[in-house]
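A short write-up of the structure that comes next.
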Number of protein chains: 2
Amino acid sequence: MKHISSRDNPAVKALARLAGTAGKRGAPVLLDGVHLCQAWLQHHGAPDQAIFDVERLSQPDIAALAAAVPDRDCLALDARLMQSLAAVESGQGVAFLVTPPAPQPPLNVDENCVLFDRIQDPGNVGTLLRTCAAAGVKRVFLATGTAAAWSPKVLRSGQGAHFALAIHEHVDLAALLPGLRVPLVATALDGARDLYAGSLPERCAWVFGHEGQGVAPALLAAASLKVRIPHDAAAVESLNVGAAAAICLFEQRRQALAAR
Amino acid sequence: MKHISSRDNPAVKALARLAGTAGKRGAPVLLDGVHLCQAWLQHHGAPDQAIFDVERLSQPDIAALAAAVPDRDCLALDARLMQSLAAVESGQGVAFLVTPPAPQPPLNVDENCVLFDRIQDPGNVGTLLRTCAAAGVKRVFLATGTAAAWSPKVLRSGQGAHFALAIHEHVDLAALLPGLRVPLVATALDGARDLYAGSLPERCAWVFGHEGQGVAPALLAAASLKVRIPHDAAAVESLNVGAAAAICLFEQRRQALAAR
């Protein structure tokens, strides 16, 4: 394995620049830490490049990762060089440079899925991906304007959910609607049915919206079902989008489990 | 109203130091933005001090806040001075210096409530407070080791929930248990009942735990009910603590609404 101790090495310079492009369409990203790298190997095979803290290579979990990547694609960095990379925060001594998967969106959607309508906060997007995967959802569509799914913060709060989901990014949600073969369901405060007032579709396309503005009016108008979570409106105006999604997706899951 | 344009003014220097003490027990905090200041006025009356961006004082919502605070406690700062304060991020032109309420914990607890067991992330703590308030919970206990409830990030993600809750901080949760007159309910992966397998207590003390370690073993052992959210464990190991709490608290609320 090539050992690098100079900050001026071109490979190190390229890695240092990565933090600035995180989430740009088609840009490579750095998966930080043992868990994400293991998940990548399991789902997608070898990364474009693997970088290691040279002092940690003897650690069993790190050694196992190094053994799974062709030697020509591995770099061993001095500890201080590894720590200097902005995209590497975990301090676990390993990171994979990968090109995020960009699965082809299906022409027709006939499965349970979730639409992210310009959700801004990376922590919210990551938590939402984790909740989707936990609820058994397999496919999500992220509108243009949503935080980049493969950015470091979203990866961190996703806790591996990225590998259980087909993630479609930069989606024009309005253009998706004609291909929907399941009902579109939105959360709304006005003109909505109580979430608990009746049964939910077994499969649908849930849409969750922007933290401040909620779901875009055009999508709300296209929804065949609008539901309202009966929260204590005297206490707070609304719920966090991640909390609202967890409540909706697991109410659907509760009903589905009860119907079995 | 006193107008300050110098960075060397002692009042400005004291405000600049605040970001460093945010969340320390008994320390004053700066509430940032129109919404939080309005909520403080409504629930607690005048703040210790109100600071304004001098250029925004004619704005109606800002003027209304200024009119509600005794003039001797108001400071008008030059815009650049206001922006330089680390604890002021919203750029809305108003902040209140307040001493957070420290309500006396009750000797016995006979109401629905939530225990925060060393939840680290300020965003999680704020979202959890917001979810608690939305679910109709009125009292929460934050263990020592939990992110400070009145810190800027927690206030921001709480979205006003702080004013709908009695928040007890720096609590020794083990010492709280003998005074509990409601069952202690914890989420757990092992030895737990399916959340949806039966009815939940109408009132209980929910405990939600540390992001990595979960609920402390001593609290788990003391729980009279342990519930498991039936998530897709093949997809992700677990749910975010805020999502898990939303699912549990609203399942309890669903059952309570259905029983009416």
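As a check on your grasp of the helix formula, calculate [θ] at 222 nm for chain A: sum -39500 (n - 2.57) over DSSP H runs of n ≥ 4, divide by the residue count, round to the nearest 500. List each step's numbers first, then the result.
Values: 9 runs with 86 residues, N = 260.
Rounded to the nearest 500, the figure is -9500 deg cm²/dmol.
Would you list which lysines come within 28 Å of B:K153, measuring only between C-alpha atoms, while excluding same-chain residues fewer than 8 positions from it?
The reachable lysines, counting only those whose Cα sits under 28 Å from B:K153, are A:K24, A:K153, B:K13, B:K24, B:K138.
Under 14 Å from a point placed 7 Å out from the Cα of B:R72 along the Cα-to-Cβ direction: which residues of region B:1-41 have their backbone N that close?
Of the residues in region B:1-41, B:1-2 have backbone N under 14 Å from the label point off B:R72.
FRET efficiency for B:E89 and B:R17, Cβ-Cβ distance as r, R0 = 22 Å, nearest 0.05? Working shown, then result.
Details: r = 16 Å, r/R0 = 0.75.
In this case the efficiency is close to 0.85.
Put the label 7 Å from Cα along Cα→Cβ for A:P103; what are its distances to the other copies, in nanometres, shortest first?
4.6
Go through region A:196-211 residue by residue and turn each phi into a ³J(HN,Hα) via Karplus (6.51, -1.76, 1.60, θ = phi - 60°); whole Hz please, and just put x for glycine and proline.
Once rounded to whole Hz, the list reads 9, 7, x, 7, 9, x, 5, 10, 7, 10, 7, 10, 10, x, 2, 4.
What ranking of B:K13, B:K153 emerges when the number of other C-beta atoms within 10 Å of each C-beta is taken as an exposure proxy, fewest first? Please report the intermediate quantities before stating the final value.
Details: B:K13 11, B:K153 17.
If I rank by nearby Cβ atoms, fewest first, I get B:K13, B:K153.
Taking amide H atoms as placed 1.01 Å from N in the peptide plane, list the residues 5 or more away in sequence, or in a different chain, whose amide H sits under 5 Å from that of B:L180.
Close amide H contacts, sequence-distant or interchain: B:V109.
Take the alpha carbon gyration tensor of region A:113-259, find the square roots of its eigenvalues, order them as a ≥ b ≥ c, and report rounded if a/c is under 1.5; if not, report prolate when a/b exceeds b/c, else oblate. If you can, show how the numbers build up before the last one.
On the way: a/c = 1.30, a/b = 1.27, b/c = 1.02.
It is rounded, given that a/c, with a ≥ b ≥ c, falls under 1.5.
Could you give the nm distance between label points at B:H35 and A:N108, where each point is 7 Å from its Cα heading toward the beta carbon?
Between B:H35 and A:N108, the simple spin-label model gives 4.2 nm.
Starting from a label point 7 Å past Cα on the Cβ side, list the distances from A:G26 to the same position in the other copies, nm, shortest first.
Here A:G26 shows inter-copy label distances of 6.1 nm.
Label-to-label distances across copies for B:R80, with labels 7 Å out along Cα→Cβ, in nm, shortest first?
3.8
When a footprinting reagent is the concern and you count Cβ atoms within 10 Å, what order do B:L225, A:L200 take, fewest first?
Going from least to most buried by this count: B:L225, A:L200.
As I understand it, the value is the acute angle between the Cα axis of helix B:122-134 and the longest principal axis of the Cα atoms of chain B; what does it come to in degrees, rounded to 10?
Here the helix axis deviates by roughly 70 degrees.
Taking neighbour counts of Cβ atoms within 10 Å as a proxy for exposure, in what order, fewest first, do B:R181, B:R203, B:R118, A:R130 appear? If you can, show how the numbers build up before the last one.
Values: B:R181 11, B:R203 15, B:R118 19, A:R130 28.
Going from sparsest to densest Cβ surroundings: B:R181, B:R203, B:R118, A:R130.
Show me, for region B:238-244, the HN-Hα J-couplings you get by feeding each phi into the Karplus relation (A = 6.51, B = -1.76, C = 1.60, θ = phi - 60°), rounded to Hz, glycine and proline as x.
Those phi angles translate into 7, 9, 4, 4, x, 5, 4 Hz.
Expressed as a whole number of Å, what is the distance separating the alpha-carbon centroids of region A:151-185 and region B:1-67?
The two parts, judged by their Cα centres, are 41 Å apart.
Among A:V12, B:A205, A:A50, which residue has its Cα positioned farthest towards the positive end of the charge dipole of the protein assembly as shown, with +1 placed on the Cβ of Lys and Arg, -1 on the Cβ of Asp and Glu, and the dipole taken about the Cα centre?
B:A205
Laboratory data are not the source of any read-out in this text; all were calculated from the coordinates shown. Everything quoted here is computed from the prediction, not taken from an experiment. FYI the Cβ positions are ideal-geometry reconstructions off the backbone, even for glycines, and counts take in every protein chain you see.
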